[in-house]
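These notes concern the structure reproduced below.
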Amino acid sequence: MKKILVSFLAVVIFSVCASAELKTFPIFENGKLMDGVQLVNGEIVNGEILTAELAAEGWAKPRFEVKGFDIDISRYDLAQIKVKIVAVSDKIEQRPNYADVAVLNSKGEALHIQNFPFRAYDSKDPMFMTRALTQTDKYGSMPKGKSYGGITGLSINTGFKAKLRLKEIKVMIETDFESMYPDDPVADPKWKDGKPGDVYAVSVSDRVFQDELDSPLKKGNTVWKKGKVHIAGARMETVAFQVVLECPIGTDGINNVDVKFDSLVKPTGYLPWEWFSGWTIDNSQCRNLKDPYYFPKRHFQLYKSRYLKIDKQDNFTNAEIVKQAGTIGRSIPDILIPFEAKWGGAPFSIFPGQTQSVWVDVIIPNNAPAGKYEGMVEVTHDGIAVKSVPVELEVYDFDLPEDFSITAFMVVGDLSRYGFKGEEYCRLVETYRRFLRRNNCYMYYGTENSKENTKRILFSSSGAYFTNAAGYEGRNYAKDDPLNFITFYNGKRRPFGGPEPDGDEKSWHEGLKKWKDKYDGNCPNSQLVFYAWDEPSHNFPGGLGEFRKWLNAIGPWVKSFNEKYKADVKIYATTWPDEIKGIPYIDACGARNSADAEEMIKAGKQVWLYNGPMTYLNFVSGMRICGWKAFALKANVWWIWESTAYPAGFDMYSNPCNFLNQYGELGEGDGLLLYPGTDTIVTKRSPGLKGPVPCQRFFNWRQGLIDYEYLALASKKNPELARKIADEIVSGASLGCGLPSESKSLGYPRDNTIYDSARKKLAEIIQK
């Protein structure tokens, strides 16, 4: 399960600079215990600690304990403290995959290191069988060592019955907190000779590296022709482009650079007095321009790109794609910080020999007359306009539908980095929901992530939270989320209690009835879904055979509940048709290909696609293919496993390597699409916003969903031609969806050229 694996995060950021002091406390090393240390449920045999047989499910007793020391951590942040426990075995499979390590302390606040990686492979990795205390359950709310006093012991239990052999136990403290989070390069306030270089535009699915002063895109691309930006879209659509600014090679960079773009006008004619007399798209009626998450009457939003240096190839992407993307060793624009941010926004500096891209969103009003609109992007330096770039928008004579044609959603994990509590926390969750819906998808947020007014958070998917009064404007206005879940990742054989092993009809009816009543009173138009199990092929106890038996046991109870209470609870699992063949109770699952999808549709089941070409930092266009693939496979739902996969303590605005599991598999950007607008841990890189910070990959996901709307509208006019256009895009695309036995991502369009041509063909069909 991806949600669990991300806990194994690697942590290049926790490596110490050579100048930083590392204090090491050898609890057990070279066959000897530190003075005063005692063992519980363990003994030293042949220079190793041999534990008693530790318990399995539920982290029950007996636990192995090592105690009798007192390491003062009161002056440190938990990010500075690491625990290393090295387990050995004749066969690596004999070591537990996951383990629970509790850090005992003098204040009685046990810290549980989540999923300690005893089955780690790379002994040369500085974090081999090591976790920083950022991986504990309390770091987000209590990050300072003074809350815990001193470490007095460690306690271990495992996910399956096992006797551990341990050869090393250490506690290590990095004494220099700042060295763990290096400062950004600082622009020189004395720069005077730096001058803006070329300015041009690229599409949403193109990328210009930070050091790429001579990009071939400068000469022309799908949105940049003869020194002018050309974009097009339908009413109620968000269209976007990037403005790329250059600072020539030299000794001085440029400070106090800004970009202005605030209106598009449909002129009544082209004589000078007619230029500004037409229909206007602007932000003049927006009542709160300082808040980028207030959407009524906001038709323009600008973002400054934040760059990430890519040093390694991830393990989940085809090596040829990484090679062709050319990202290794270069800094890529990805994170998009709203101009309104206190840190990372505008105005900004550009270093000599570098580029800086600015992302521009244009939201076309639902009443805008069709035709061509003209505007001007102005680049200023010290408040003086130094570059002007003309923009032409063609508004097509059709509207995107009010309702999304496909249900797409992303999981939002823990938002503790904000440090918000109570009412402020609830508003944050609501802001995330509105932001995602504004960008053509929905949000799943499990209430298990917060104790802050759980009921309000649970029902903030209600249409009441998507009105002008609530700060929303856009599609699916004032409507409930289409899906609400009873369970999600954390599946249980008997989630509603009842007798072992699976409950009974009575307990299932009572449990389902409680959920139905809750949502009927708050989100009556939502589909209620029982997420049976996450990736059961390797997560269900006993494997797929036991999973199928369980479905055959509980499926009739869900069916009888629907009949008795006139309900429509759907059963879903992240599995494949061949894995549940002959079992009638699953209502939705994945489809590997069109044959799978057709078979499912024929059987009356829904096609739910999961992840796709993932979210990696290679070609920025990668996620856009999801919308096209969804149309080709006639999918009902497409969802992404995580959008906020940044564990506590991770420096996400500086480090791209946000995923590493116990197998040494590296992921860059996997599950990280929305960055925290406020960071209470790495405060030097906190934008100071009360909402999510998107990235270019997220907006390409959005663009794919918009493209889906074009396909759906064109299909109503000419279904054969619309499907032919879609097939030309997706043919040959093998999309790794994150489930076992899948191939890696391969074969999607690498830039905007093919997409642009296809969209124009679809627009022609729609407008005939």
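The values are calculated or read from the model by the stated rules, or taken from the named source; none is laboratory data. Quantities reported herein were computed from a predicted structural model and do not represent experimental measurements. Glycine also receives a Cβ, built like all others from the backbone with ideal geometry; neighbour counts cover every protein chain displayed.
Given the criteria in contact (Cβ under 8 Å) with a residue 60 or more places away in the chain and touching an Asp or Glu at 6+ places or on another chain (Cβ under 8 Å), does Asn476 qualify? Step through it out loud before you land on a result.
Numbers: in contact (Cβ under 8 Å) with a residue 60 or more places away in the chain: yes; touching an Asp or Glu at 6+ places or on another chain (Cβ under 8 Å): yes.
When the stated conditions are applied, Asn476 passes them.
Kindly indicate the residue of the range 656-667 that is crowded, with 22+ Cβ neighbours inside 10 Å and closer than 19 Å to Phe128 by Cα and also modelled with the highest pLDDT among those meeting that condition.
Going residue by residue through the range 656-667, those that are crowded, with 22+ Cβ neighbours inside 10 Å are 656-661, 667.
Narrowing the set further to residues that are closer than 19 Å to Phe128 by Cα leaves 657-661, 667.
Details: Cys657: 82, Asn658: 78, Phe659: 74, Leu660: 66, Asn661: 62, Gly667: 76.
Checking each candidate, the answer is Cys657.
Of all the residues in the range 597-629, those that are part of a strand (DSSP E or B) and in contact (Cβ under 8 Å) with a residue 40 or more places away in the chain number 2.
Residues in the range 556-568: is at least one of a type in the set (A, V, I, L, M, F, W, C), surrounded by fewer than 20 Cβ atoms within 10 Å (Cβ to Cβ), at pLDDT 95 or above and outside any helix (DSSP H, G or I)? Yes, there is a match, as at least one residue in the range 556-568 is of a type in the set (A, V, I, L, M, F, W, C), surrounded by fewer than 20 Cβ atoms within 10 Å (Cβ to Cβ), at pLDDT 95 or above and outside any helix (DSSP H, G or I). Residues of the range 495-535 that are under 13 Å from Ala553 (Cβ atoms) and out of contact with any strand residue (DSSP E or B) (no Cβ under 6 Å at 6 or more places or on another chain): Gly498, Pro499, Glu500, Pro501, Asp502, Gly503, Asp504, Glu505, Ser507, Trp508. Please verify whether the range 98-105 includes one or more residues that are within 17 Å of Ile49 (Cα to Cα) and in a loop (DSSP other than H, G, I, E, B). Taking every residue of the range 98-105 in turn, none turns out to be within 17 Å of Ile49 (Cα to Cα) and in a loop (DSSP other than H, G, I, E, B). The requirement of being assigned by the TED database to the domain that holds Gly413 and within 24 Å of Asp399 (Cα to Cα) is satisfied by Lys479. When Ile350 is tested against (1) over 30 Å from Ser141 (Cα atoms); (2) surrounded by 21 or more Cβ atoms within 10 Å (Cβ to Cβ); (3) touching a Phe, Trp or Tyr at 6+ places or on another chain (Cβ under 9 Å), only condition (3) is not met.
Cβ-Cβ contacts under 8 Å between residues 6 or more apart (or on different chains), taken from a first residue in the range 216-234 that is over 22 Å from Arg750 (Cβ atoms) to a second residue that is part of a loop (DSSP other than H, G, I, E, B), are listed as Lys226/Gly220; Gly233/Ile364; Ala234/Ile364; Ala234/Leu400.
State all residues of the range 163-219 that are basic (Lys, Arg) and under 17 Å from Asn256 (Cα atoms); if no residue qualifies, say none.
If the condition is that a residue be basic (Lys, Arg) and under 17 Å from Asn256 (Cα atoms), then Lys190, Lys192, Lys195 are the ones that fit.
Taking the numbered list (1) surrounded by 17 or more Cβ atoms within 10 Å (Cβ to Cβ); (2) small (Gly, Ala, Ser); (3) over 23 Å from Phe295 (Cα atoms) in turn, Gly371 passes all entries but (1). Of these, Glu546, Glu510, which one is farther than 18 Å from Tyr585 by Cβ and surrounded by fewer than 17 Cβ atoms within 10 Å (Cβ to Cβ)? Answer to the selection: Glu510.
Looking only at the range 172-207, how many residues end up being of a type in the set (Val, Ile, Thr) and surrounded by fewer than 22 Cβ atoms within 10 Å (Cβ to Cβ)?
Within the range 172-207, residues that are of a type in the set (Val, Ile, Thr) and surrounded by fewer than 22 Cβ atoms within 10 Å (Cβ to Cβ) number 4.
For the range 350-378, residues that are polar (S, T, N, Q) and closer than 18 Å to Lys304 by Cβ total 4.
How many residues are of a type in the set (Phe, Trp, Tyr) and at pLDDT 95 or above if we restrict to the range 601-627?
Let us first name the residues in the range 601-627 that are of a type in the set (Phe, Trp, Tyr), namely 608, 610, 616, 619.
With the extra rule that they be at pLDDT 95 or above, the set shrinks to 608.
So the count comes out to 1.
Taking the range 180-222 as the range and being under 27 Å from the mean Cα position of the chain (by Cα) and not in a loop (DSSP other than H, G, I, E, B) as the test, the residues that pass are Met180, Ala201, Val202. Candidates Ala201, Ala234, Ala240: the one that is of a type in the set (Gly, Ala, Ser), assigned by the TED database to the domain that holds Ile335, touching a strand residue (DSSP E or B) at 6+ places or on another chain (Cβ under 6 Å) and farther than 26 Å from Ala346 by Cβ is Ala234. Considering the range 603-640, the residues that are buried (at least 24 other Cβ atoms within 10 Å of the Cβ), under 30 Å from Asp311 (Cβ atoms) and among the aromatic types (Phe, Trp, Tyr) include one that is farthest from the chain's Cα centre (by Cα), namely Phe619. For the condition closer than 24 Å to Ser405 by Cα, modelled with pLDDT under 95, in the same structural domain as Trp639 (by the TED database) and among the hydroxyl-bearing types (Ser, Thr, Tyr), Tyr519 qualifies. Restrict the check to the range 681-703 and report whether at least one residue is crowded, with 23+ Cβ neighbours inside 10 Å and farther than 28 Å from Tyr293 by Cβ. Looking for residues that are crowded, with 23+ Cβ neighbours inside 10 Å and farther than 28 Å from Tyr293 by Cβ, one finds none in the range 681-703, hence no.
Remark: pairs (first residue in the range 506-532, among the polar types (S, T, N, Q); second residue in a helix (DSSP H, G or I); Cβ separation under 9 Å; 6+ apart in sequence or on different chains) = Ser507/Trp557; Asn522/Lys455; Asn522/Leu458; Asn522/Ala464; Asn525/Gly463; Ser526/Tyr519. Which of the residues that make up the range 98-124 are within 12 Å of Val86 (Cβ to Cβ) and out of contact with any Asp or Glu (no Cβ under 9 Å at 6 or more places or on another chain)? Across the range 98-124, the qualifying residues are Pro117, Phe118, Ala120, Ser123.
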